[in-house]
Amino acid sequence: MQFAPSRSNFPGGGRCGAARETWPVMSDALTGAAVKEIPPKAVDLSAWYTAACLKAELVSYSPVRGCVVLRPYGFGLWEKLQQHLDARFKATGHENAYFPLFIPESLLVREAEHVEGFAPEVAWVTQGGSEKLTERLAVRPTSEAIIGVMYAQWIESYRDLPILINQWANVVRWEKATRPFLRTMEFLWQEGHTAHATAVEAREETLKILELYRDFAENVAAVPVYAGRKSAGERFPGAVETYAIEALMPDGKALQSGTSHDLGQNFAKAYDIKFVDADRAIKHAYTTSWGVSWRMLGGLIMTHGDDRGLRIPPKMAPIEAVLIPIVRSNDDRAVDACRQLAERLTDAGFRVRADLRDAQPGWKYSEWDIRGVPVRIEIGPRDLDGETAVLARRDRTKGDADQRRTVALAQIPVVLRELLEDIQRSLFAQAKAFLEKHTVTTTKRDEFLELCRTRAGMVDIAWCERPECEASVKETTSATTRVLHHLDDSSAVCTACGEPAKTRAYFAQSY
Ligand SMILES: [Zn+2]
């Protein structure tokens, strides 16, 4: 499968940065119930990841090649992402709307660079019923074209600006490999599209969303990221400037987790988005687009999971705590106690589930461990005699001093609240320590190339910003720039080629 570098910057995350494909295509043996157990994460991340997604019942493979089914638990995870992002969009003045799934070919081709970037992976509808269409319809790979046409109709005067709209939608990009959340033909995302009267406002919007994404990734998904500007080669097709957040996965590959594009007047000119300004002059608007897709969930899963399965940060957890009764043959008081405690906790605003199924507690423990529920509450006859329960935290491993603690029933809401906050903090701290440990700096060319080749992590160098230089590094190591950041030393030279440096860049292989 060929990917032009410029196409690695679709809103919501690149489809591919590195040239090499290291993940196996799903075999039938690994689909669905055939997964017996989860292989060790450190040995084979891709096998671990696929098994964890399937065994946690986030997704199932479907009879449609390239498309997965989001099962209820997986959809619950997606809904948490939606809730947190949607609240942030609305708090910053954005509104939701919905646009058509199909885009007539004549509209899609108007922005030349845009269509060139997307053409290789657009799915086309050529027939409706038994009738051949006179014009092909693209199944949207992204919605700039259809939204641009509508904005042209809606905008007349500077008083109509800005327009700040977000769409929650599915999009389709023809893919050969299938990997839950990371690479699927149809995927879920949000795409924001805004129009402004000035270049300054459009740039402010682009950066505001970049910061919103960084805040969500770090403070909700607990995934630390580098946020910054993209190189010209990694820019969204048709954008003036692209910004992104980039996370580092345990295998040393970067995952682009959200992008925000300043489109300048390129799309406004292609789609004729004009307005009469206060000075009566007719001007083209300045537009932006930005997106996060469900690949963010893939990043969260890979970042936090362990050999027992997922570890979901509490703020993203569809279920924050699961209650499990321990029933003795002549004593099933724990069942009622779990039911009552679950009600109390629900009333107190927690997302909990009482697992009252007829099964061994140990079996239930490992099942909820796989699903990554942050806290398990165990109640047995002996606990009830003392009016206590045991709280076990999923982020710790067995044997850790603070993995389990006995808590008075009356104190559980308070303790649970603190525990969830602590787990959230702790998961982020672990991931942050990993990112810092695997961010390496060098000024030596050979060492730089070796670090890129061996996937040492985010390799931070002084960089010339020349596309030829980036292409040459990619050719020899599969690594590309992820984001650029500030250069303090104006006399520095590019570590990769020796030309004068203009910026600093994090290089890494990427998903
Ligand atoms: Zn260079």
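The values are calculated or read from the model by the stated rules, or taken from the named source; none is laboratory data. All of these numbers come straight from a predicted model, not from anything done at the bench. Note: ideal-geometry Cβ built from the backbone for every residue, glycine included; neighbour counts use all protein chains shown.
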In the range 453-508, anything within 12 Å of the ligand (Cβ to nearest atom), in a loop (DSSP other than H, G, I, E, B) and among the polar types (S, T, N, Q) is listed as T495
Condition met for E201 (surrounded by 22 or more Cβ atoms within 10 Å (Cβ to Cβ) and more than 15 Å from the chain's Cα centre (by Cα)): no
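Within the range 23-38, is even one residue in contact with a Gly (Cβ under 9 Å, 6 or more places away or on another chain), modelled with pLDDT of 65 or more and part of a helix (DSSP H, G or I)? Please lay out each step first, then the result.
If we filter the range 23-38 for residues that are in contact with a Gly (Cβ under 9 Å, 6 or more places away or on another chain), which is where we start, we get 38.
Still in the list and also modelled with pLDDT of 65 or more: 38.
After this cut, where a residue has to be part of a helix (DSSP H, G or I) as well, the list is none.
Within the range 23-38, not a single residue is in contact with a Gly (Cβ under 9 Å, 6 or more places away or on another chain), modelled with pLDDT of 65 or more and part of a helix (DSSP H, G or I).
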(1) part of a loop (DSSP other than H, G, I, E, B); (2) in contact with a strand residue (DSSP E or B) (Cβ under 9 Å, 6 or more places away or on another chain); (3) among the acidic types (D, E): which one isn't true of D358, the others all being true? (2)
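Among the residues in the range 117-133, are any assigned by TED's automatic domain parsing to the domain that holds A278 and touching a helix residue (DSSP H, G or I) at 6+ places or on another chain (Cβ under 6 Å)?
Yes, that holds for at least one residue.
Condition check: within 13 Å of the ligand (Cβ to nearest atom), outside the structural domain of S293 (by TED's automatic domain parsing) and touching a strand residue (DSSP E or B) at 6+ places or on another chain (Cβ under 9 Å). Does A431 satisfy that? Show your work before the answer.
Values: within 13 Å of the ligand (Cβ to nearest atom): no; outside the structural domain of S293 (by TED's automatic domain parsing): yes; touching a strand residue (DSSP E or B) at 6+ places or on another chain (Cβ under 9 Å): yes.
Taking the combined requirement at face value, the residue does not satisfy it.
State whether one or more residues within the range 437-447 are in contact with a helix residue (DSSP H, G or I) (Cβ under 7 Å, 6 or more places away or on another chain) and part of a helix (DSSP H, G or I). Before the answer, list the steps.
Taking the range 437-447 first, the residues in contact with a helix residue (DSSP H, G or I) (Cβ under 7 Å, 6 or more places away or on another chain) are 440, 442.
Those left that are additionally part of a helix (DSSP H, G or I): none.
Checking the range 437-447: not a single residue is in contact with a helix residue (DSSP H, G or I) (Cβ under 7 Å, 6 or more places away or on another chain) and part of a helix (DSSP H, G or I).
Considering T481, T477, T495, which residue is out of contact with any Gly (no Cβ under 7 Å at 6 or more places or on another chain) and touching a residue at least 60 places away in the same chain (Cβ under 8 Å)? I'd like the intermediate steps shown before the answer.
Numbers: T477 fails: touching a residue at least 60 places away in the same chain (Cβ under 8 Å); T495 fails: touching a residue at least 60 places away in the same chain (Cβ under 8 Å).
Residue meeting the stated conditions: T481.
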Suppose we filter A270, A278 for residues that are part of a loop (DSSP other than H, G, I, E, B), over 27 Å from Q82 (Cα atoms) and either over 25 Å from the mean Cα position of the chain (by Cα) or not assigned by TED's automatic domain parsing to the domain that holds P162 (or both); which single one remains? A278
Can you run down the residue pairs with Cβ atoms below 7 Å, 6 or more apart or on separate chains, where the first is in the range 450-464 and on the phi > 0 side of the Ramachandran plot and at pLDDT 95 or above and the partner is away from the ligand (no atom under 13 Å from the Cβ) and part of a strand (DSSP E or B)? G457/L248; G457/T439; G457/V440; G457/A508
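Please determine whether any residue of the range 260-269 is more than 30 Å from D422 (Cα to Cα), surrounded by fewer than 19 Cβ atoms within 10 Å (Cβ to Cβ) and among the polar types (S, T, N, Q). Can you show your working first?
Taking the range 260-269 as the starting set, the residues that turn out to be more than 30 Å from D422 (Cα to Cα) are 260-269.
Now drop any that are not surrounded by fewer than 19 Cβ atoms within 10 Å (Cβ to Cβ), which leaves 265, 269.
Now drop any that are not among the polar types (S, T, N, Q), which leaves 265.
Checking the range 260-269: at least one residue is more than 30 Å from D422 (Cα to Cα), surrounded by fewer than 19 Cβ atoms within 10 Å (Cβ to Cβ) and among the polar types (S, T, N, Q).
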Here the qualifying pairs (Cβ atoms under 6 Å; residues six or more apart or on different chains; first in the range 358-382 and over 23 Å from Q340 (Cβ atoms); second surrounded by fewer than 23 Cβ atoms within 10 Å (Cβ to Cβ)) come out as D369/R308; I370/K55
Matching option when the condition is in contact with a helix residue (DSSP H, G or I) (Cβ under 9 Å, 6 or more places away or on another chain), surrounded by 22 or more Cβ atoms within 10 Å (Cβ to Cβ), free of Cβ contacts under 8 Å to residues at least 60 places away in the same chain and in the same structural domain as T259 (by TED's automatic domain parsing), among R173, R140: R140
Would you please name the residue that is nearest to L300 (Cα to Cα), looking only at residues in the range 208-239 that are in contact with a strand residue (DSSP E or B) (Cβ under 7 Å, 6 or more places away or on another chain) and of a type in the set (A, V, I, L, M)? V223
Mind checking which pairs have a first residue in the range 64-82 that is at pLDDT 95 or above and a second that is in a helix (DSSP H, G or I) and among the hydrophobic types (A, V, I, L, M, F, W, C), Cβ under 6 Å, 6 or more apart or different chains? L77/L297; K80/M316
Please tell me if H284 is surrounded by fewer than 19 Cβ atoms within 10 Å (Cβ to Cβ), out of contact with any Phe, Trp or Tyr (no Cβ under 7 Å at 6 or more places or on another chain) and modelled with pLDDT of 95 or more. yes
Matching entry among R311, R351, R295 (being under 27 Å from P180 (Cβ atoms), within 30 Å of the chain's Cα centre (by Cα) and surrounded by fewer than 18 Cβ atoms within 10 Å (Cβ to Cβ)): R351
